Amino acid sequence: MQTLDAMGGANAVPSMGAATDVPALRAQVGEMVAQMAASQPPPDYSGVKKSEIQIPMRDGKSIRTVLYQPESGAPGPLVVLYHGGGFCIGFPEMEEGIALEVVRTSGATALSVDYRMAPEHPFPGPTDDSWDALKWAAANASKIGADPSKGFIIGGTSAGGIITCVLSHQARDEKLSPPLTGIWLNIPSVVAQSQIPPQYRDIMTAFKQNENAPILDRTAIDFFMKWYAPVESDPKHSALLWPGGHKDLPPHLIQCAGLDPLRDDALVYTGVLKEAGVPVETIVYPGVPHGFDGMFAQLGATKKFIADRGAWFAKALGKK
């Protein structure tokens, strides 16, 4: 089984905060993605129809969303996904792996949302776009070949996990119809460091412990937050502080990395959800950094991550 050290360890990936500004980082990431794509087989879309749709937003604009549908069969569950990238970089195809998987294994329709990002659209723009897209998806499910009564899951990675966490509460409070049936959070943050409640300060040590970790270190976090400019006390950024609490949320899968500054967000939130009576399965992958599954495809931890995620989604969408 390969380890992170065997693949270059901390030297394999520079800090995301090394760029001078967001356009420079977008260019850097674009080059890296192109290199990775060139070294791997092309995506397999067999049995899946991939297309793009435009979803209207509250300001009269529209955003690109990538749609994945089964080539045949009756309408199935609906899965809406939100990519990571610190609210500043990224694109919907970053969640293509899970989108293709749920289409093939569960007959689901998957939407991956291209919310508008900072600095052009700072806080709370990305979350507001994502909420508008979720409401549109719920209201227009039949038009895209989905039946949310068979399952309705939202999920995301990193910044997309923050968005998903917020949306899970909004959906509950605003009685989204059909209701959500599952939440997937991958390497999320649930509270800004400045807003950690006193009872958790002594146990949330990962931010300091892993401040120099590869991929996402303290410099990178500061870089993204500079441009995103959140109000740190606002529950739209720190969902742990949600005024209505966390009771009656759907079942969760939370996946986190041991070498991640955000690791303890996932662990503390797990305890909070359990106290609120929410079913939650949390899996920690020791010794690997934030976003390892997207950067190190051959790691044993990545293969376990994908298998764990697939098993939960299959069960949550009715495929035992």
**Study point:** Extension gain from E232 to K247, taking 0.36 nm per residue of separation minus the Cα-Cα distance
**Key:** 3.1 nm
Check your understanding: In terms of modelled amide H atoms, which long-range or inter-chain residues lie less than 5 Å from the amide H of I63?
Key -> I55, M57
Check your understanding: What size of dipole, in debye to the nearest 20, comes out for the chain about its Cα centre when the only charges are +1 on Lys and Arg C-beta atoms and -1 on Asp and Glu C-beta atoms?
Key -> 740 debye
Point to revise | Förster radius 51 Å - calculated FRET efficiency between Q298 and R58, Cβ distance, rounded to 0.05 | key: 0.75
Point to revise | Candidates Y200, Y82, Y115: whichever shows maximal mean-square fluctuation once the chain is modelled as a Gaussian network with Cα springs under 10 Å | key: Y200
Revision key, fill the gap. The farthest towards the positive end of the charge dipole of region 60-108, of the residues P77, T105, C88, given +1 on Cβ of Lys and Arg and -1 on Cβ of Asp and Glu, is C88
Revision key, fill the gap. Cα-only Rg/Rh for the chain with Kirkwood Rh rounds to 0.93
**Study point:** Two-site label geometry, E93 and T20: point separation in nm, points 7 Å out along Cα→Cβ
**Key:** 2.8 nm
Exercise for review: Tell me the GluC sites (Glu not before Pro) within region 49-106 that lie in a loop according to DSSP and have at most 11 other beta-carbon atoms within 10 Å.
Suggested key: E71
Study note, to complete from the structure: Taking the convex hull of the alpha-carbon atoms of region 108-196 and averaging its shadow over every direction gives an area in square nanometres of 6.3 nm²
Review point. Taking θ as phi - 60°, what are the ³J(HN,Hα) couplings along region 124-133 by the Karplus curve (6.51, -1.76, 1.60), each to the nearest whole Hz, with x for Gly and Pro?
Key: x, x, x, 6, 5, 4, 5, 5, 4, 5
Practice item. Could you check what % of the DSSP bridge pairs in the chain are antiparallel, to the nearest 5? Key: 35 percent
Study note, to complete from the structure: Any GluC sites (Glu not before Pro) in region 226-299 that lie in a DSSP loop and have at most 15 other Cβ atoms within 10 Å would be E232
**Study point:** All aspartates and glutamates inside 16 Å of K315 as judged from Cα atoms, apart from same-chain residues fewer than 8 positions distant
**Key:** E101, E281
Check your understanding: So what are the ³J(HN,Hα) numbers for region 30-36, from phi and the Karplus equation (6.51, -1.76, 1.60; θ = phi - 60°), rounded to whole Hz, Gly and Pro as x?
Key -> x, 5, 5, 5, 4, 5, 5
Review point. How large is ³J(HN,Hα) for each residue in region 149-155, as worked out from phi by the Karplus curve 6.51 cos²θ - 1.76 cosθ + 1.60 (θ = phi - 60°), to whole Hz, x for Gly and Pro?
Key: 5, 8, x, 9, 10, 10, x
Review point. Near the amide H of W184, under 5 Å away, which other amide H atoms are found, from residues 5 or more places off or on another chain, if H is placed in the peptide plane?
Key: I154, G155, G156, L253
Review point. Amide H neighbours of G76 under 5 Å, counting only residues 5+ apart in sequence or on other chains, H built in-plane at 1.01 Å?
Key: T109, D147
Check your understanding: Label-point separation (nm) for D173 and E211, each offset 7 Å from Cα along Cα-to-Cβ?
Key -> 3.2 nm
Check your understanding: Rounded to the nearest 500, what is the chain's calculated 222 nm mean residue ellipticity when only DSSP H runs of at least 4 contribute -39500 (n - 2.57) each, over all residues?
Key -> -10500 deg cm²/dmol
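Each value in this text was obtained by applying a stated rule to the coordinates, not by laboratory testing. Please read these numbers as outputs of a predicted model, since none were measured by experiment. Neighbour counts run over all protein chains shown; Cβ positions are idealised from the backbone, glycine included.
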